[in-house]
Amino acid sequence: MQSSMQSHALLISSVLVHAARHHADGEIVSRSEEGALHRSTWAATERRARRLARVLAGLGVGAGDRVGTLAWNTHRHLEIYYAAPGMGAICHTINPRLAADDIAYIVNHAGDGVLFVDPGFAALVEAIAPAIAGTVRAVVFLADAARLPAVSLPAGMAVHAYEGLMAAADEDFAWPLLQETAASALCYTSGTTGRPKGVLYSHRSTVLHGYAINMADVMGLSARSRVLPVVPMFHVNAWGIPYAAAMAGAALVLPGRQLDGPSLHALMNEARVTMACGVPTVWLGLLAHLRASGGRLETVKTIMTGGSACPPLLIEAFGAEFGISMEQGWGMTEMSPVGTYNKPKPAHAALDAAGALRLGLKQGRILCGLDMKIVDGEGRELPWDGKAFGDLKVRGPWVTGAYYGDPAGSALDAEGWFATGDVATIDPDGFMEITDRSKDVIKSGGEWISSIVLENLAVSHPDVAEAAVVAAAHPKWDERPVLLVVPRPGRALDPASVLAVYEGKVARWWVPDAVVVLDELPHTATGKLQKNALRARFREHLIHK
Ligand code: AMP
């Protein structure tokens, strides 16, 4: 029997209309390319998004067409986030930190007819233009005519200034009623091996994800929040914050391309930020700046970290020195992205400082709407005892079923589960903890050693700035861990003192067989350790010794 309830579609345009009607004055503060702060509101953003929908139509963009962006977090990028899906097209955010060859591949694979580009990426677009000339017919620089960069592009690829097109368009546009299952946005995974793969989100998945991350035990944004997504809008929808902020009516603060410690510190105080979200590398940079300058964060209550494991130092230092709660979330491009979030349960109120830190290092509890399980090598489900670790699988309405262009359901197993590629434990309270990526786990004598556990302990050494643990081939044990460490500036590292951090903390056979001190470690375009490169480089390290 059907219910008697209305079947209104869950649409991205409705989210923006809500923000404009009910939080008209809610602020959008954006650091522009030029460096100045641009201040706007949800009401103005909705009007400009309608104008932009007109511009898109004028550029020949129609329902289902992909609109590419190469842009930092700014108010103009936010307008594209809403205008493209709102008019039925697809907002395709491209990571400008990827190799130029990968970017050209992505643009062609997605079939982006129009690209919206920050002027700072003009040289990048010029470099890839010959490779994308068959796909892209117009490049719109996110600037006014006066700041239009001088570029030479192939014939047939028009160049426009965003503000010029906007000024020439009108706002007389009504958001169409779309199907909630229609595609709204496209994002490619950074892919440490092979070509990047696309994930195509829907209006429905985006809105449901927005509700879920706004629950009190997740990001829990409110109309009183002032949220700063430092996580780029080209990295999995800036973790859904541009949508969730509109749903809550929160003020949105956008940092542009200045993500260094001093710039973030100034922006957070000037824009009265209450919550900021980003990867650990950003917070390590901010912490170093605050410590060196003696600066304070006047309004920040919460910092959310995700994208890679949270070093214990961040939780300890931001808590003890700045009174800021450091909260961890976990997710992936394929999950829109948020899957788990770490907020304590009532029983955790009794934890001492060490226990609370231990809990905070876990990736957290699954969001309502999703389901998760861990399985062993044969696919048998493992217990939630906080000890057994296995492959983590998920399912739910904001988890992808296939990669862009592949047959429906092709990314899932027979029961509809998506294998995350992460290896994890789940404790009896439902807190998931990543122990590794499945390809990074070290298989020593048939047993698994977690590289992340070893890395976290290594960075607890006062002279270690960054650490990576990789598997090296071993004649007897098959694989053994090798620890690669970067010293803090001005410090020398003694391998024996680094290995001493493992005493009593892990089983003896987990202790790395070798320590190598390096000047730096390689990172991927999204700031993660490039483990595959390190694995290849140190594969034979123990054989040649
Ligand atoms: P991406 O799709 O680029 O966001 O990468 C997703 C992957 O990042 C996940 O599968 C995890 O391996 C890793 N990741 C994300 N959040 C965390 C976290 N809080 N702790 C550890 N790893 C994480």
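The values are calculated or read from the model by the stated rules, or taken from the named source; none is laboratory data. As the structure is a prediction and not an experimental result, all values here were calculated from the model. Counting neighbours? That spans all protein chains shown, and the Cβs are built from the backbone with ideal geometry, glycine included.
A few comments on the model shown:
- Any hit, the range 71-85, residues being modelled with pLDDT under 95 and out of contact with any Leu (no Cβ under 8 Å at 6 or more places or on another chain): no
- Evaluation of P397 against the conditions (1) touching a His at 6+ places or on another chain (Cβ under 9 Å); (2) in a loop (DSSP other than H, G, I, E, B); (3) within 16 Å of the ligand (Cβ to nearest atom) shows that the sole unmet condition is (3).
- Hits in the range 346-364 - residues which are touching a strand residue (DSSP E or B) at 6+ places or on another chain (Cβ under 8 Å) and of a type in the set (K, R): K362
- Highlighted here are the strands (runs of 3 or more DSSP E) found entirely within the range 211-305 that include at least 2 residues which are in the same structural domain as L37 (by TED's automatic domain parsing), over 22 Å from P397 (Cβ atoms) and not small (G, A, S): 226-229, 251-254.
- V159 meets all of the listed conditions (1) closer than 30 Å to A536 by Cβ; (2) aliphatic (A, V, I, L, M); (3) free of Cβ contacts under 8 Å to residues at least 24 places away in the same chain but one, namely (1).
- Inter-residue pairs, beta-carbon under 6 Å, first on the phi > 0 side of the Ramachandran plot and in the range 236-251, second β-branched (V, I, T) and buried (at least 24 other Cβ atoms within 10 Å of the Cβ), 6+ apart: A238/V231; W239/V231; G240/I213
- Check on S438, in contact with a strand residue (DSSP E or B) (Cβ under 9 Å, 6 or more places away or on another chain), of a type outside the set (D, E, K, R) and crowded, with 19+ Cβ neighbours inside 10 Å: no
- With respect to (1) touching a strand residue (DSSP E or B) at 6+ places or on another chain (Cβ under 8 Å); (2) within 29 Å of A266 (Cβ to Cβ); (3) at pLDDT 95 or above, the lone exception for S308 is condition (3).
- Any chance E180 is outside any strand (DSSP E or B), within 28 Å of H209 (Cβ to Cβ), of a type in the set (D, E) and at pLDDT 95 or above: yes
- Residues of the range 326-367 that are part of a loop (DSSP other than H, G, I, E, B) and within 15 Å of the ligand (Cβ to nearest atom): M332, S336, P337, N342, K343, L361, K362, Q363, L367.
- Scanning the range 266-325 for residues that are more than 13 Å from the ligand (Cβ to nearest atom), within 17 Å of M219 (Cα to Cα) and not aliphatic (A, V, I, L, M) gives T274, T299, K301, T302, S325.
Yes or no, residue by residue, for (1) away from the ligand (no atom under 16 Å from the Cβ); (2) surrounded by fewer than 18 Cβ atoms within 10 Å (Cβ to Cβ):
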| residue | (1), (2) |
| --- | --- |
| G164 | yes, yes |
| A168 | yes, yes |
| F173 | yes, no |
| E180 | yes, no |
| S184 | yes, no |
| G194 | no, yes |
| K197 | no, no |
| S205 | no, no |
| L208 | yes, no |
